[in-house]
1. Going by average Cβ neighbours within 10 Å, how do the peptides 360-370, 156-166, 104-114, 287-297 rank, with the highest at the top?
2. What residues have an amide H closer than 5 Å to that of residue 29, excluding those fewer than 5 places away on the same chain, when H is modeled at 1.01 Å from N in the peptide plane?
3. Between residue 65 and residue 327, what's the calculated FRET efficiency when r is the beta-carbon distance and R0 is 25 Å? Round to 0.05.
4. Post the alpha-carbon centroid distance, region 200-239 to region 126-140, in whole angstrom.
5. Please give, to one decimal in nm, the separation of the simple spin-label points placed at residue 226 and residue 369, each 7 Å out from Cα toward the Cβ.
6. In square angstrom, what is the accessible area per residue of region 288-350 with a 1.4 angstrom probe?
7. Counting Lys and Arg as +1 and Asp and Glu as -1, what is the net charge of the other residues whose Cβ lies under 15 Å from the Cβ of residue 378?
8. Just to verify a number: FRET efficiency for residue 380 and residue 302, C-beta to C-beta distance, R0 = 41 Å, to 0.05?
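The values are calculated or read from the model by the stated rules, or taken from the named source; none is laboratory data. Just so it is clear, the model here is predicted, and its values are computed rather than measured. Virtual Cβ from ideal backbone geometry, glycine too; neighbours counted across all protein chains shown. Just the protein is used for accessible areas: all its heavy atoms, side chains included, with ligands, DNA and RNA removed. Shrake-Rupley method; radii C 1.70, N 1.55, O 1.52, S 1.80 Å.
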Amino acid sequence: MTRTIPLDNSLIDEATEWRRYLHAHPETAFDEHRTADFVAAKLEEFGIEVHRGLGGTGVVGTLKRGTSPAAVGLRADMDALFIHEENDVDYRSTVDGKMHACGHDGHMAMLLGAARHLARNGDFDGTVRFIFQPAEETGDERCGGNEMVKDGLFEKFPVQAMFGMHNFPGAPLGTFMMRTGPMLASIDTFEFHIGSELSHPHSQFYVADPLLIAASLVQDMHAFKARYVNPAEPVVLSITQFQSGNPADRQSVHVTPDKAVVRGTLYTLNDTIRGQFEAGLEKLVRNAAEASGATHKFVFERGYPVLRNTQEETEFATSVAEEVAGADKVSAAMQPVMGAEDFAFMLGKVPGCYVFLGSAREGEATPRQLHNPAYDFNDEALPVGIRYWATLAERYLSQASAQQ
């Protein structure tokens, strides 16, 4: 049976205005100064205590009632992407080359909406932490989630559990998806350089051909994944950049290049596999270069860890989602997604659960996927997200108080 938290008539309209304002003024990783100003001002307007500066531009709002020491954390991400928006809407990005193409504008609006509701009408005993995190999109260890943790997030603002949410345009509006255990993959990036000398084709047999070596290595790396790693392990290996020669100089077509640079990403649900790939790919590059007489360099950079939901908190988040949306709209055993999320750094410190909220537009045959220049968060998802956050906070603190 669903339970509908009564929201002020004006709240959804205001949340929509907030979302569209944030969409029109995107800021990228660690540059979310105007965004943080906006979020902090709203929280203060609601009468919520505000702390700024964790992780650079992070904002933490604290709402405490009663005497219970219990505390729960709710997190939204703030950063936009380096993408040129193609949407023709009144609130399209005013910053050329940057846009909210992942729905973080909607995430902030939903959490602000829940903050306003809980500040004015919340029925709970304990503390709610509203955590607005910068720089989720970096893909490496210098990301907002990790930086806030390293800055003492949980020492300064202790919580018993953390919860996060992300919109999912490929699922029906108002549905929820989650799972216990690994839900999102780790992400690592790698690159290798092959060096030699410029050479005219008539004498190219005197020197190593870095382009040929690099092209062969691309194939070898995919063969390594296919033949030397357990195929039962979920792994996504992608070569995303290949640079060699100078296409702007047409005359350079008459010489073989003196270097090639290749970059790629690795996603997996198994930490051991990360180590196998780091060692295996480096060995491939080293052996190929040495066999050909070329120079080489290999760099493997660890990014986000695997995001793992804890069982008790996932069961709790599932029950809240069922209360808000109905059991028929909740999947508590979804397949893991081979993308990555730096909320994993927070879940590495405290138990919690990350969920997906379906946000497909009605009648849209092919939903605009995330990180797409034509993506735009579906405002119809705002009331669902606000109710989920508000219900979760009240229910969690109510249960925690009852157990004391």
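1. 104-114, 156-166, 287-297, 360-370
2. Answer set, sorted by chain and number: 80.
3. 0.25
4. 38
5. 2.2
6. Accessible area per residue: 45 Å².
7. -2
8. That pair, residue 380 with residue 302, gives E of 0.60.
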